[in-house]
Amino acid sequence: STQSTWGGFTPQLAKWYETLKPHGLPFEIIFVSSDKDENQFNEYYNEMPWLALPFSDRKRKTQLSNHFNVEGIPTFVIVDANGNTINKNGRELPSTDPEGKSFPWHPKPVEDLESGVEVVQEQPALIAFLESFDRDTQETFVKALEVVAKGEKELAKTQDRDPVAFLVAKKEGRVSPQIRKLVGATNPDAFVAIVDLPDNGGYYLQTPVDLSIEGLKSFVEGYNNKSLTRQQLNG
């Protein structure tokens with residue numbers, strides 16, 4: 001049911017909502033239910049402080065799910081007043097922006113891998129594994145990543161395609177060791193990979209590693225031009 005799937009997320013989201021609303025941020029949450037029947041919907045919606053699409057409007061529920069490519073729940077999409085998507089991956093916002101300082105929550109050019117892992121599941125993602133560097137060195141390379149990420153986003157818009165997402169692993173958290181294992185990078189050295197889970201788990205390694213703007217730009221161009229060697233994730 002929706003309730004069991006959203007269980008841990010809804011109280012966190014409700015607390016976030018009730019913290020931000022009194023400060024006058026112009027946003028609203030609308031619950032679109034995947035419950036099995038109206039009784040289940042009513043029971044669950046009673047716990048929510050926001051709006052909901054009527055359960056009976058299954059046609060519009062299906063249209064919204066298709067429009068936003070919803071493949072699992074909970075999904076939390078940020079849209080503007082005209083219905084344009086701002087951020088497809090809002091699920092981490094209650095924990096990453098508890099005070100709403102990043103409103104209206106446009107995606108960062110370079111997301112942290114630990115909080116942005118959802119992006120990797122949905123689109124090709126360049127991931128820079130920088131755990132072995134000190135903070136100052138990491139920030140230098142993140143600035144280079146941001147330049148290339150912004151350029152890729154603009155180019156993708158002109159070519160009417162989804163851009164390659166950009167993420168960085170700054171510490172050995174929960175996610176980075178798993179992806180290192182999947183690509184066979186078991187030593188702690190820095191490396192850069194483009195992981196394409198939607199393409200049946202394909203990935204591409206940058207060799208040699210070059211974290212300069214030109215090096216990163218060339219790597220992304222190689223991916224987009226299909227000139228890189230595709231490898232298959234382990235497991």
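The values are calculated or read from the model by the stated rules, or taken from the named source; none is laboratory data. Please read these numbers as outputs of a predicted model, since none were measured by experiment. Neighbour counts are summed over all protein chains in view; Cβ atoms, including those assigned to glycine, are modelled from backbone coordinates with ideal geometry. Please note that ligands, DNA and RNA were not included when accessible areas were found on the heavy atoms of the full protein model with its side chains. Shrake-Rupley method; radii C 1.70, N 1.55, O 1.52, S 1.80 Å.
Structural remarks
- So Ala190, is it touching a strand residue (DSSP E or B) at 6+ places or on another chain (Cβ under 7 Å), open to solvent by less than 70 Å² (accessible area, probe 1.4 Å) and at pLDDT below 90: no
- Thr96 meets the conditions (1) surrounded by 12 or more Cβ atoms within 10 Å (Cβ to Cβ); (2) on the phi < 0 side of the Ramachandran plot; (3) out of contact with any Ser or Thr (no Cβ under 6 Å at 6 or more places or on another chain) in every case but one. The failed one is (3).
- Residue within region 3-13 that is open to solvent by less than 40 Å² (accessible area, probe 1.4 Å), of a type in the set (Ser, Thr, Tyr) and in contact (Cβ under 8 Å) with a residue 12 or more places away in the chain present: yes
- Which numbered condition Leu145 fails, given (1) buried (at least 19 other Cβ atoms within 10 Å of the Cβ); (2) modelled with pLDDT of 95 or more; (3) under 27 Å from Gly90 (Cα atoms); (4) touching a helix residue (DSSP H, G or I) at 6+ places or on another chain (Cβ under 6 Å): (4)
- Positions within region 20-70 being of a type in the set (Val, Ile, Thr) and touching a residue at least 24 places away in the same chain (Cβ under 8 Å), in sequence order: Val32
- Just one of (1) open to solvent by 40 Å² or more (accessible area, probe 1.4 Å); (2) over 9 Å from the mean Cα position of the chain (by Cα); (3) touching a residue at least 40 places away in the same chain (Cβ under 8 Å) fails for Gln121. It is (2).
- Inclusion of Glu154 among residues that are open to solvent by 80 Å² or more (accessible area, probe 1.4 Å) and free of Cβ contacts under 8 Å to residues at least 40 places away in the same chain is warranted.
- Matching residues in region 198-235 - criterion: being open to solvent by 20 Å² or more (accessible area, probe 1.4 Å), in contact (Cβ under 8 Å) with a residue 24 or more places away in the chain and among the hydroxyl-bearing types (Ser, Thr, Tyr): Tyr204, Ser212, Tyr223, Thr229
- Candidate set: region 24-38, residues that are farther than 14 Å from Pro104 by Cα and open to solvent by 80 Å² or more (accessible area, probe 1.4 Å); chosen: the one modelled with the lowest pLDDT: Lys36
- Pro198 closer than 20 Å to Val168 by Cβ and modelled with pLDDT under 95: no
- Here is the figure for region 88-105: residues that are assigned to a loop (DSSP other than H, G, I, E, B) and in contact (Cβ under 8 Å) with a residue 40 or more places away in the chain total 6.
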